[in-house]
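Colleague: Handing you this structure, nothing more for now.
Since every read-out is calculated from the coordinates, none of them should be taken as a lab result. This structure is a prediction, so every number in the text was calculated from the model and none was measured. Quick reminder, even Gly has a Cβ in these numbers, built from the backbone with ideal geometry, and neighbours come from all protein chains shown.
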């Protein structure tokens, strides 16, 4: 059974850092397209970043230069390292899987809440 | 990376059909057949309903269908049911290998 379990969310001050983790089971992270998608409270979905099976990474303009997506193949885990956090980064962060380019996100984690506030 | 444009809300009565539009540009919706649609109930993670413009994943009702013309994609739900009431989001790949979502549409079943 495919499962994605996020962790690492919490309260952080503006300018601070946080690392989110997404432990996957039932499939191999490195063989899929893995994304982070966020949703601010009461707002819509916002795509954040993707790491392709080949290792290429891409970011939304809003997080470019501040966030880094990576994976640990030995742990079958996806990460999102977040620096220079801002109030507008407050959101539920979902880990998500696509089997192939453009195939749609077929599995989502339950989400982890990141709150940026002083 | 501007968000795709969706109507904020649509409504319909049980048994009726509704269509949700999703308008982008030639750099996203119009440039690729990689448009997906997601359903999200309150407090839940999104669920994939349509991928590659018009394909349904296994297990999704055939009451859901997708199409595209130019820079606008559409999701049609026929035979509306109470459980269809949810938020719906479109998404598309872009020419810069990123993805972009629509602002979301709240479907109310009257």
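Colleague: Spin-label point model (7 Å from Cα, Cβ direction): what's the residue A:28 to residue B:95 distance in nm?
Modeller: Output for this residue pair reads 3.6 nm.
Colleague: Mind listing P(r) for chain B? All alpha-carbon pairs, 5 Å bins, whole percents.
Modeller: 2, 14, 25, 25, 19, 10, 4, 1, 0
Colleague: Taking only Cα atoms and a 10 Å spring cutoff, compute GNM fluctuations for chain B and point out the largest among B:67, B:21, B:58.
Modeller: B:58
Colleague: Another question, if that's okay. Count, for each residue of A:102-113, the Cβ atoms from other chains sitting within 10 Å of its Cβ, then give me the mean as a whole number.
Modeller: Values: counts 11, 7, 13, 9, 6, 3, 7, 1, 2, 3, 0, 0.
Other-chain Cβ atoms within 10 Å of each residue's Cβ, averaged: 5.
Colleague: Averaged across A:40-49, how many Cβ atoms of other chains sit within 10 Å of each residue's Cβ atom?
Modeller: 5
Colleague: Here is a follow-up. Compute the projected area of the convex hull of the Cα atoms of the stretch B:42-93, averaged over all viewing directions, and report it in nm² to one decimal place.
Modeller: 4.2
Colleague: For peptide B:93-101, compute the average count of partner chain beta-carbon atoms within 10 Å of each residue's beta-carbon. Could you put the intermediate results ahead of the total?
Modeller: Values: counts 4, 2, 0, 2, 6, 9, 14, 4, 6.
Mean shielding count: 5.
Colleague: Next question. Going 7 Å from the Cα of residue A:118 toward and past its Cβ, which residues in the stretch A:62-94 have a backbone nitrogen under 20 Å from where you end up?
Modeller: A:83-91
Colleague: Using alpha carbon centroids, what distance separates the stretch B:50-67 and the stretch A:10-77, in Å?
Modeller: Their Cα centres are 26 Å away from one another.
Colleague: Subtracting the Cα-Cα distance from 0.36 nm times the residue separation, let me have the gained length for residue A:1 to residue A:72 in nm, one decimal.
Modeller: 23.5 nm
Colleague: Calculate, in nm to one decimal, what residue B:82 and residue B:54 gain on full extension: separation in residues at 0.36 nm each, minus their alpha carbon distance.
Modeller: Extra length available between residue B:82 and residue B:54 comes to 7.8 nm.
Colleague: Jot down the radius of gyration and Dmax of chain A, Cα atoms only, both in angstrom.
Modeller: 13.3, 40
Colleague: Would you list B:5, A:112 from fewest to most Cβ contacts within 10 Å?
Modeller: With the sparsest Cβ surroundings first, the list reads B:5, A:112.
Colleague: If I model the protein assembly as shown as equal point scatterers sitting on the Cα atoms and use the Debye formula, what is log10 I(q)/I(0) at q = 0.08, 0.12, 0.14, 0.17 Å⁻¹?
Modeller: Summing over Cα pairs of the protein assembly as shown leads to -0.28, -0.63, -0.86, -1.23.
Colleague: Quick check for you: which residues of the stretch A:42-84 have the amide N under 18 Å from the point 7 Å beyond the Cα of residue A:17 toward its beta carbon?
Modeller: Answer for the stretch A:42-84: A:63-72, A:79-84.
Colleague: Which FRET efficiency value, to the nearest 0.05, is calculated for residue A:86 and residue B:17 with the Förster distance at 30 angstrom and r the Cβ-Cβ distance?
Modeller: Working: r = 42 Å, r/R0 = 1.41.
For residue A:86 and residue B:17, the calculated efficiency is 0.10.
Colleague: Quick one: grab the alpha carbon gyration tensor of the stretch A:50-118, order the square roots of its eigenvalues as a ≥ b ≥ c, and give me rounded if a/c is under 1.5, else prolate or oblate depending on whether a/b is larger than b/c.
Modeller: prolate
Colleague: Specify, per residue and in Å³, the volume enclosed by the convex hull of the alpha carbon atoms belonging to the stretch A:78-118.
Modeller: Details: hull volume 3.8 nm³, N = 41.
Taking the convex hull of the Cα positions in the stretch A:78-118, it is 94 Å³ per residue.
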